[in-house]
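**Student:** Can you keep this structure in mind? I'll have questions shortly.
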Amino acid sequence: MAKIVAGALVALNCDFDYSLLSPKKAANIQRSANRIRGKVKCTIEDIITIGQELLLVKEELPHGQFGPWLLLEFGWVDRTARNFMAVAEQFGPKTEMISDLAISPTAAYLLASASTPWEARQTALDRAIAGEQITASVARELIGVKRKTIGRNRKVLSADEMCDRVEKVLSRIIMQCNPKHLSILFDKLRAFAKEKETERGGHKNGAQSSDGPIRPRATA
């Protein structure tokens, strides 16, 4: 296993078995690993570059090999890579614009999280462009405020609106998925849908058998 020296972000030695891959893929992935090592300075521009390299490697490696590769090349767990990749996905198209902005690495990870409201991310960028330093505490504050606002203003979606959103999310996921693994993804989605439908049927039957038919609440 790769060994991390105290204070270092990446491991110094690598034990990943590249003989499992074709020579071309092995060479490409090793070049990515070297570029990642050279970029670990933790500026936001470097974080984006690392995330983009990781996304490429994840696409190239066989299913189930990305985690071992991370551990053996850098001594990283999956969550570390997800942080880098999330920043690349959210801020990558804006690299030129944000490369000189004062956004701390931790703030970038927080803002790039999938659970962070889009409005919080945009507000942080606007304030950074205006010259403000976006630290982790500022990012947390923005995220908290936007989540509360969204919670107060959240409306109940119709079935059609919800289907629309689900289709858009699934379309993005399918585009990012390795085509070889799409059948696995579809099987898991079908199993998930079946499980939720079964749960829903069980809850509905239980409620009707104990309390009678479910009636809508009266509104004031």
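We did not get these values from a lab; they are worked out from the coordinates using the rules stated. Just so you know, these numbers come straight off a predicted model, no measurement behind them. Ideal geometry is used to build each Cβ from the backbone, glycine not excepted, and the neighbour counts take in all protein chains shown.
**Student:** Assuming a ≥ b ≥ c are the square roots of the Cα gyration tensor eigenvalues, decide whether segment 100-183 counts as rounded (a/c under 1.5), prolate (otherwise, with a/b larger than b/c) or oblate. Mind showing how you got there, number by number?
**Tutor:** On the way: a/c = 3.04, a/b = 1.47, b/c = 2.07.
Oblate, because a/c is 1.5 or more while a/b does not exceed b/c.
**Student:** Please arrange S19, S171 by counting, for each residue, the other beta carbons lying within 10 Å of its beta carbon, fewest first.
**Tutor:** Working: S19 7, S171 10.
Listing S19, S171 from fewest to most nearby Cβ atoms yields S19, S171.
**Student:** What does the extension gain come out to for K188 and E45, with contour length at 0.36 nm per residue minus their alpha carbon separation?
**Tutor:** On the way: separation 143, 0.36 × 143 = 51.48 nm, distance 3.54 nm.
Full extension from K188 to E45 adds 47.9 nm.
**Student:** Okay, next question. With 23 Å as the limit, write out which pairs from K24/K58; K58/K194; K24/K180 have Cα-Cα distances beyond it, or answer none. Before the final figure, lay out the partial values.
**Tutor:** Details: K24/K58 15 Å; K58/K194 29 Å; K24/K180 19 Å.
Pairs exceeding 23 Å: K58/K194.
**Student:** If I model a spin label as a point 7 Å beyond the Cα along the Cα-Cβ vector, how far apart are those points for C163 and H63 in nm?
**Tutor:** Result: 2.9 nm between the two label points.
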